[in-house]
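The values are calculated or read from the model by the stated rules, or taken from the named source; none is laboratory data. None of these values were measured; they are calculated from a predicted model. Every residue, glycine among them, receives a Cβ derived from its backbone with ideal geometry; neighbour counts consider all protein chains shown.
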Amino acid sequence: MVRMSVIGAGSWGSAFSYYLGRLGFPTELWVREEEVYAELVQTRENKTFLPGFFFPPAVNFHRFLGEAVEGADFIFIAVPSQFCRLIYSRLAEHLKKGQVLVSLTKGLEQKTLKRMTEVMGEVLALHKKDRIAVLSGPSFAREVVAGQPTALVVASHDINLAREIQETISSLQLRIYTSSDVVGVELGGAVKNIIAIAAGISEGLGYGHNSQASLITRGLVEITRLGLALGAKRETFSGLAGLGDLVLTCSSEMSRNYHVGRELSRGKSLKTILGEMKMVAEGVRNTLIVNKLAHQKKIELPICRQVYEVLYLAKPAHKALEELMSRSLKEEKI
């Protein structure tokens, strides 16, 4: 029997371990927060991050990383980007040859501007790089747990590894596609969170579907522009990790980043908004990183830039939208 490990019991880590357990895989879930661990052991419900669902019997809970990954064939890592380097370092001493590591994190490292699989490959021994993958795409945790049909993409530099993951975890509920474009899949998952903040701002200002469609379309141009500059494949951004995830996160109040943008447009400070949230909105941190990458590569990302100025330079949300609409007129290019 294939054994699974999931590192991180936030909403997505909990949902993914729930899904694996429902398929019947023995699944070990590592829980960082002591109070969440106590809830899970006592009730098998994560009332903090995924209330209303009770974990299948195949899922076990752990506070120690070594216990959670011992004997696992596949290790899925679902922790916020700012904690990933530390978690990877702590995992290193417990990993065994042949174990597959799959990143579920949709973020970038602030200090180095690196993608999560880059950080993983750097922290772990070189021989581990061919056992690394990323899983991404449009996926709200609660809908996955509810059994709603979902499609995701798994990317690895080793396409055979991507296929192995695909064949192992696909089901009638979760359809997995494969890709060799690790750069594109990771960037799509990270940058779409910034565009979602802009979409939330637009909705909060009272604008409707025209504005939302414009932001999604031009946001996809910015994601593609940055991706191509960093070596990604153009076609990736027309797929699940690009357009698919972008449409989802820009169109629903279930999106944390959309929520941040909407609350900003209503006059709340970023500090207040984040203080009221239990879960991490990766787009807030990603905005800093992506704008640094754009500066390094000398590419123009006007939506990402305006989101940065709203988040970090206290620019009024309506002023940011005015500046986007008053930019010099030009030919549409994608």
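Some points to look at:
- Taking segment 139-165 as the range and being closer than 21 Å to residue 243 by Cα and either surrounded by 20 or more Cβ atoms within 10 Å (Cβ to Cβ) or touching a Lys or Arg at 6+ places or on another chain (Cβ under 8 Å) (or both) as the test, the residues that pass are 139, 141, 144, 149, 150, 151, 152, 153, 154, 155, 156, 162.
- Pairing residues of segment 6-31 that are more than 15 Å from residue 63 (Cβ to Cβ) with residues that are surrounded by fewer than 24 Cβ atoms within 10 Å (Cβ to Cβ) and among the hydroxyl-bearing types (Ser, Thr, Tyr), at Cβ distances under 7 Å and at least 6 apart in sequence or on separate chains, gives 23/171.
- Filter result for residue 101 (crowded, with 22+ Cβ neighbours inside 10 Å, touching a residue at least 12 places away in the same chain (Cβ under 8 Å) and of a type outside the set (Val, Ile, Thr)): yes
- Hits in segment 94-107 (condition: out of contact with any Leu (no Cβ under 9 Å at 6 or more places or on another chain) and of a type outside the set (Val, Ile, Thr)): 96, 97, 98, 99, 106, 107
- Among residues of segment 97-126, those that are among the basic types (Lys, Arg) and under 16 Å from the mean Cα position of the chain (by Cα), counted: 3
- Among the candidates 293, 264, 288, residue that is closer than 28 Å to residue 143 by Cα and either at pLDDT 90 or above or in a helix (DSSP H, G or I) (or both): 264
- Residue 114 being free of Cβ contacts under 8 Å to residues at least 40 places away in the same chain and closer than 24 Å to residue 239 by Cα: yes
- Taking (1) modelled with pLDDT of 95 or more; (2) within 30 Å of residue 176 (Cα to Cα) in turn, residue 303 satisfies each apart from (2).
Results for (1) of a type outside the set (A, V, I, L, M, F, W, C); (2) surrounded by fewer than 22 Cβ atoms within 10 Å (Cβ to Cβ), shown as yes or no for each residue.
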| residue | (1), (2) |
| --- | --- |
| 272 | yes, yes |
| 275 | yes, yes |
| 279 | no, yes |
| 300 | yes, yes |
| 310 | no, no |
| 315 | yes, yes |
| 319 | yes, yes |
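- Residue check, residue 248 under 29 Å from residue 176 (Cα atoms), surrounded by fewer than 22 Cβ atoms within 10 Å (Cβ to Cβ), among the aliphatic types (A, V, I, L, M) and modelled with pLDDT of 90 or more: yes
- Residues that are out of contact with any strand residue (DSSP E or B) (no Cβ under 8 Å at 6 or more places or on another chain) and part of a loop (DSSP other than H, G, I, E, B) were ranked within segment 43-63; the one that is farthest from residue 11 (Cα to Cα) is 57.
- Filter result for the condition that a residue is surrounded by fewer than 24 Cβ atoms within 10 Å (Cβ to Cβ) and either touching a His at 6+ places or on another chain (Cβ under 7 Å) or in the same structural domain as residue 290 (by TED's automatic domain parsing) (or both), over 197, 216: 216
- Test for residue 253: is it acidic (Asp, Glu), farther than 25 Å from residue 312 by Cα and without any contact (Cβ under 8 Å) to a residue 60 or more places away in the chain: no
To keep it simple, each residue is scored yes or no on (1) under 16 Å from residue 107 (Cα atoms); (2) small (Gly, Ala, Ser).
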| site | (1), (2) |
| --- | --- |
| 231 | no, yes |
| 235 | no, no |
| 238 | no, yes |
| 248 | no, no |
| 257 | yes, no |
| 261 | no, yes |
| 277 | no, no |
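- When segment 26-42 is filtered for residues that are in contact with a Lys or Arg (Cβ under 7 Å, 6 or more places away or on another chain) and either within 13 Å of residue 4 (Cα to Cα) or part of a helix (DSSP H, G or I) (or both), the ones remaining, listed by number, are 26, 37, 39.
- None of 262, 305 is closer than 18 Å to residue 192 by Cα, buried (at least 16 other Cβ atoms within 10 Å of the Cβ), free of Cβ contacts under 8 Å to residues at least 60 places away in the same chain and among the charged types (D, E, K, R) except 305.
- Remark: pairs (first residue in segment 282-302, in the same structural domain as residue 256 (by TED's automatic domain parsing); second residue among the acidic types (Asp, Glu) and modelled with pLDDT of 95 or more; Cβ separation under 7 Å; 6+ apart in sequence or on different chains) = 301/222.
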